[in-house]
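Participant: This is the structure I have questions about; it appears just below.
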Amino acid sequence: MIFYVILSLLIVVLISIKIHYNRYAHGLREQPSYFLWFLTCVVNFQGWSRESCCLSTAHFKSNDRSGYLNEKDIPMRNQSRPKMLRAVPHRQLSQQAPDDIMHLMHQYIESISIPRYGGVTTDDQLLLRGKSIIEYTGADGLFLPNADPKSFGRGEIAHLHSNDGSFHMLVHPLDAKLLIDKQWAERFPLAGMNLFNRITIPDTYILIYAPRNENEVAIWKTILTSAIKYNRDNRSAY
């Protein structure tokens, strides 16, 4: 009798897990693992995924008087923020980049970088591209060469989410504030945290919303260029 009760409870639990996972995965083009779904539950339980947290700029402190972007570089985004999955993975559920725009983004990334291979070159000004180290569901990453293996993402500057066209980037604090205020970006929910006493995620690790047309691609290029310059100038920061 006890066996059947336990079996029935187990079946109910498994069905409940499946229902909740399907709700979580709805709207995502990729199917995240159950492990990432569990991490998402933790993120949501702790409140790290609240919109007020992801849009807050209070964490961005800098001794510099200016960043790598200015007001005239970045116009106010002309649409409300997209619907988001603010967890793991961190994704757009609406306003995703059309296929032709995704093609332009991939073309541009290929035009400014070379394949990563071992990640070691004799030219520190090169940009390398390869599979993201930070993004566990798969993404194309941009890297600085000859990076410190202990640095955040081993020199990874940014990566492109091929399912929606959004981009995670590491940017200057003042640029992060500007981009969030102009509604082009939001903080990664775990930004500023130290995970397992091994991985410190910088405060200014942000998600750039997907460009939806060629004009927005031009703005995206400007943002990416600023991130590249910032990371080159601060190679030893992380």
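Participant: Only one of these is touching an Asp or Glu at 6+ places or on another chain (Cβ under 8 Å) and open to solvent by less than 20 Å² (accessible area, probe 1.4 Å): ALA185, ALA158, ALA139, ALA210. Name it.
Facilitator: Of ALA185, ALA158, ALA139, ALA210, the one residue that is touching an Asp or Glu at 6+ places or on another chain (Cβ under 8 Å) and open to solvent by less than 20 Å² (accessible area, probe 1.4 Å) is ALA210.
Participant: Of the residues that sit in the range 1-60 and are of a type in the set (S, T, N, Q) and open to solvent by less than 60 Å² (accessible area, probe 1.4 Å), which one is farthest from the chain's Cα centre (by Cα)?
Facilitator: So, considering only residues that are of a type in the set (S, T, N, Q) and open to solvent by less than 60 Å² (accessible area, probe 1.4 Å), the one farthest from the chain's Cα centre (by Cα) is SER16.
Participant: May I ask you to list the residues in the range 122-164 that are touching a helix residue (DSSP H, G or I) at 6+ places or on another chain (Cβ under 9 Å), at pLDDT below 90 and farther than 19 Å from ILE199 by Cβ?
Facilitator: ASP124, GLN125, ASP140, SER162
Participant: To continue, here is another question. Report yes if some residue within the range 180-188 is among the aromatic types (Phe, Trp, Tyr) and farther than 21 Å from CYS54 by Cβ; otherwise report no.
Facilitator: Looking for residues that are among the aromatic types (Phe, Trp, Tyr) and farther than 21 Å from CYS54 by Cβ, one finds none in the range 180-188, hence no.
Participant: Could I ask something else about it? When only residues in the range 75-115 that are more than 28 Å from LEU36 (Cα to Cα) and of a type in the set (Asp, Glu) count, which is surrounded by the most Cβ atoms within 10 Å (Cβ to Cβ)?
Facilitator: GLU110
Participant: Among the residues of the range 90-102, is any assigned by the TED database to the domain that holds ALA176, in contact (Cβ under 8 Å) with a residue 24 or more places away in the chain and either among the acidic types (Asp, Glu) or in contact with a Phe, Trp or Tyr (Cβ under 6 Å, 6 or more places away or on another chain) (or both)?
Facilitator: yes
Participant: Does ILE109 qualify as being closer than 28 Å to GLU216 by Cα, in the same structural domain as LEU224 (by the TED database), part of a helix (DSSP H, G or I) and touching a helix residue (DSSP H, G or I) at 6+ places or on another chain (Cβ under 9 Å)?
Facilitator: Yes; evaluated as a whole, the condition is true for this residue.
Participant: Moving on. I'd like to know if the range 215-222 contains one or more residues that are touching a Phe, Trp or Tyr at 6+ places or on another chain (Cβ under 7 Å), at pLDDT 95 or above and open to solvent by 50 Å² or more (accessible area, probe 1.4 Å).
Facilitator: Yes, that holds for at least one residue.
Participant: If you don't mind, another one. Inside the range 117-132, can you point out the residues that are open to solvent by 50 Å² or more (accessible area, probe 1.4 Å) and over 20 Å from the mean Cα position of the chain (by Cα)?
Facilitator: Scanning the range 117-132 gives TYR117, GLY118, VAL120, THR122, ASP123, ASP124, GLN125, LEU126.
Participant: Among the numbered criteria (1) polar (S, T, N, Q); (2) open to solvent by less than 30 Å² (accessible area, probe 1.4 Å); (3) in a helix (DSSP H, G or I), which one does ASN163 miss?
Facilitator: (3)
The values are calculated or read from the model by the stated rules, or taken from the named source; none is laboratory data. All of these numbers come straight from a predicted model, not from anything done at the bench. Quick reminder, even Gly has a Cβ in these numbers, built from the backbone with ideal geometry, and neighbours come from all protein chains shown. When the accessible area is computed, the model is the full protein with side chains, heavy atoms only, and any ligands, DNA or RNA have been set aside. Shrake-Rupley method; radii C 1.70, N 1.55, O 1.52, S 1.80 Å.
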